[in-house]
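Worksheet for the structure shown next.
The values are calculated or read from the model by the stated rules, or taken from the named source; none is laboratory data. As the structure is a prediction and not an experimental result, all values here were calculated from the model. Cβ placement follows ideal geometry from the backbone for every residue including glycine, while neighbour counts extend to all protein chains displayed. Side chains are part of the model used for accessible areas, which takes the heavy atoms of the whole protein and leaves out ligands, DNA and RNA. Shrake-Rupley method; radii C 1.70, N 1.55, O 1.52, S 1.80 Å.
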Amino acid sequence: MKLQEYQAKQIFGQYGVPVPHGDVAETPAEARAIAERLGGTVVIKSQVLVGGRGKAGGIKLAKSPSEAEQVASRILGMDLKGLTVKKVLVDPAADIRKELYLGMVIDRARRRTVMMASSEGGIDIEEVAATAPKKIIQVAIDPCLGMKDYQARDVAMGIGLPREQLAAFSQICQALYNCFVGSDASLAEINPLVVQGDGKLLAVDGKMVLDDNALFRHPELAAMRDEEEETPEERQARESGLSYVKLDGQIGCMVNGAGLAMATMDIIKYYGGSPANFLDIGGGARADKVAAALRIILSDPNVHAVLFNIFGGITRCDEVARGIIQSLKEIPTKVPMVVRLVGTNDAEGRAILQDAHMQTAETLAEAAQKAVAVAKGQA
């Protein structure tokens, strides 16, 4: 679950990260009122879950309340990479002398939270990694020991902070780490963390991604979900308990298991096709879940074929086959489908599908080749 910038900075502030004391506006008049309250120059920032807002014209300075109202009127309602701006954050403008990057992320290979920092703040960390990887300092944090002061000091010196700013930087690192762990986040990022004219550090931007599987522990964070930022397909998948990510290909994928779904996408690419989505229906593969997944897949007009790849462990393949047949009665379609079943009662499952005149396959390679062929109109 991704949070808007203003939400991330609210949480940062609760843990002690210094953040601007701005507010959110949904109308130009509200933006003017906030600017009047803050006084001085303000920055109007579009609140949408995409990067590159500044380059796209979604972040502007305003030197007076009337200008803030005018700027907000231009930004509100604008289209930013396919998303409509419905809220703006009005923050006091910072006296920026230097921009830094500071973030926490999970490194699954090391099984650690990793703190990353760079003297090149204000741009995507991926761009820094590609063009100047030596400017990114990484420190793996032991989950049993937590973050230690010496680790923050090492990072501060690695990015060239002067000695007089070490204590403040260390406090921000500790606060961000506590926020990351306490919120069950998979990403917590300050970009940029700025050095102001008076030497103080300020988090002028913030980004957080929360682990959906841990939201039951944080109802106050779950309530922050902005459903208007989700596509209808993403919302339907979440409500149906499905893991779904839309892609740009032509072959819809319905798989039980995230690892198996990734392998399915890989082999589709190997045989010359392109997956239209990642979709993990999880265990059980009941008819209602299959039907919900099919609705989501078939709502994509680019889908020219659907590949089912089901591994029957506890789930019986004949039950899955009946679920597929039942769901197709509820969702009639002319899109060709290929089903690969393996595991418990797989022969019985394939027989049920063959009786319904559906294409089946015994191996993933065979299924992928058939799906690619029908998607290209070759079968």
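Taken together, the residues in the range 352-375 that are open to solvent by 40 Å² or more (accessible area, probe 1.4 Å) and either among the aromatic types (Phe, Trp, Tyr) or free of Cβ contacts under 8 Å to residues at least 24 places away in the same chain (or both) amount to 6.
When restricted to residues that are open to solvent by 40 Å² or more (accessible area, probe 1.4 Å), without any contact (Cβ under 8 Å) to a residue 40 or more places away in the chain and not in a helix (DSSP H, G or I), the range 228-244 contains 2. Considering only residues in the range 141-160 that are touching a residue at least 40 places away in the same chain (Cβ under 8 Å) and surrounded by 13 or more Cβ atoms within 10 Å (Cβ to Cβ), the one that is nearest to residue 193 (Cα to Cα) turns out to be 159.
In the condition set (1) open to solvent by 50 Å² or more (accessible area, probe 1.4 Å); (2) small (Gly, Ala, Ser); (3) within 24 Å of the chain's Cα centre (by Cα), residue 347 is compliant with all but (3).
How many residues are hydrophobic (A, V, I, L, M, F, W, C) and within 19 Å of residue 80 (Cα to Cα) if we restrict to the range 32-67?
8
The residue pairs whose first member lies in the range 295-314 and is under 19 Å from residue 268 (Cβ atoms), whose second member is part of a loop (DSSP other than H, G, I, E, B) and among the aromatic types (Phe, Trp, Tyr), and whose beta carbons are closer than 6 Å, counting only pairs six or more residues apart or on different chains, do not exist in this structure.
Residue 8 meets all of the listed conditions (1) open to solvent by 20 Å² or more (accessible area, probe 1.4 Å); (2) out of contact with any helix residue (DSSP H, G or I) (no Cβ under 8 Å at 6 or more places or on another chain); (3) not basic (Lys, Arg) but one, namely (1).
Report yes if some residue within the range 206-227 is touching a residue at least 60 places away in the same chain (Cβ under 8 Å), surrounded by fewer than 18 Cβ atoms within 10 Å (Cβ to Cβ), among the small types (Gly, Ala, Ser) and not in a helix (DSSP H, G or I); otherwise report no. Taking every residue of the range 206-227 in turn, none turns out to be touching a residue at least 60 places away in the same chain (Cβ under 8 Å), surrounded by fewer than 18 Cβ atoms within 10 Å (Cβ to Cβ), among the small types (Gly, Ala, Ser) and not in a helix (DSSP H, G or I).
Of the residues making up the range 43-58, none is over 28 Å from the mean Cα position of the chain (by Cα) and over 30 Å from residue 139 (Cα atoms).
With the structure loaded, tell me whether residue 138 is surrounded by 18 or more Cβ atoms within 10 Å (Cβ to Cβ) and either assigned to a strand (DSSP E or B) or at pLDDT 95 or above (or both) or whether it fails that test. So residue 138 fails the test. The set of residues in the range 41-56 that are out of contact with any Lys or Arg (no Cβ under 8 Å at 6 or more places or on another chain) and either small (Gly, Ala, Ser) or assigned to a helix (DSSP H, G or I) (or both) comprises 51, 54.
Candidates are the residues of the range 190-203 that are within 19 Å of residue 46 (Cα to Cα) and modelled with pLDDT under 95; the one that is surrounded by the fewest Cβ atoms within 10 Å (Cβ to Cβ) is 192. For the range 116-124, the criterion of being open to solvent by less than 50 Å² (accessible area, probe 1.4 Å), assigned to a strand (DSSP E or B) and out of contact with any Leu (no Cβ under 6 Å at 6 or more places or on another chain) is met by at least one residue.
Of the residues 89, 76, 80, 100, which is within 26 Å of residue 129 (Cβ to Cβ) and touching a Lys or Arg at 6+ places or on another chain (Cβ under 8 Å)? Steps first, answer last, please.
Working: 89 fails: within 26 Å of residue 129 (Cβ to Cβ); 76 fails: within 26 Å of residue 129 (Cβ to Cβ); 100 fails: touching a Lys or Arg at 6+ places or on another chain (Cβ under 8 Å).
The unique qualifying residue is 80.
Looking only at the range 245-264, residues that are open to solvent by less than 30 Å² (accessible area, probe 1.4 Å), at negative phi and either of a type outside the set (S, T, N, Q) or free of Cβ contacts under 8 Å to residues at least 12 places away in the same chain (or both) come to 7 in all. Consider residue 84 carefully, then state whether it is at pLDDT below 95, farther than 27 Å from residue 210 by Cβ and not charged (D, E, K, R). In short, no.
Residue check: is residue 176 in a loop (DSSP other than H, G, I, E, B), in contact with a helix residue (DSSP H, G or I) (Cβ under 8 Å, 6 or more places away or on another chain) and within 27 Å of residue 198 (Cβ to Cβ)? The answer is no for residue 176. Whether any residue in the range 247-259 is over 24 Å from residue 4 (Cβ atoms), in a helix (DSSP H, G or I) and at pLDDT below 95 is what I want to check. Checked the range 247-259: at least one residue is over 24 Å from residue 4 (Cβ atoms), in a helix (DSSP H, G or I) and at pLDDT below 95.
Looking only at the range 55-96, count how many residues are touching a residue at least 60 places away in the same chain (Cβ under 8 Å) and surrounded by 14 or more Cβ atoms within 10 Å (Cβ to Cβ).
Count: 10.
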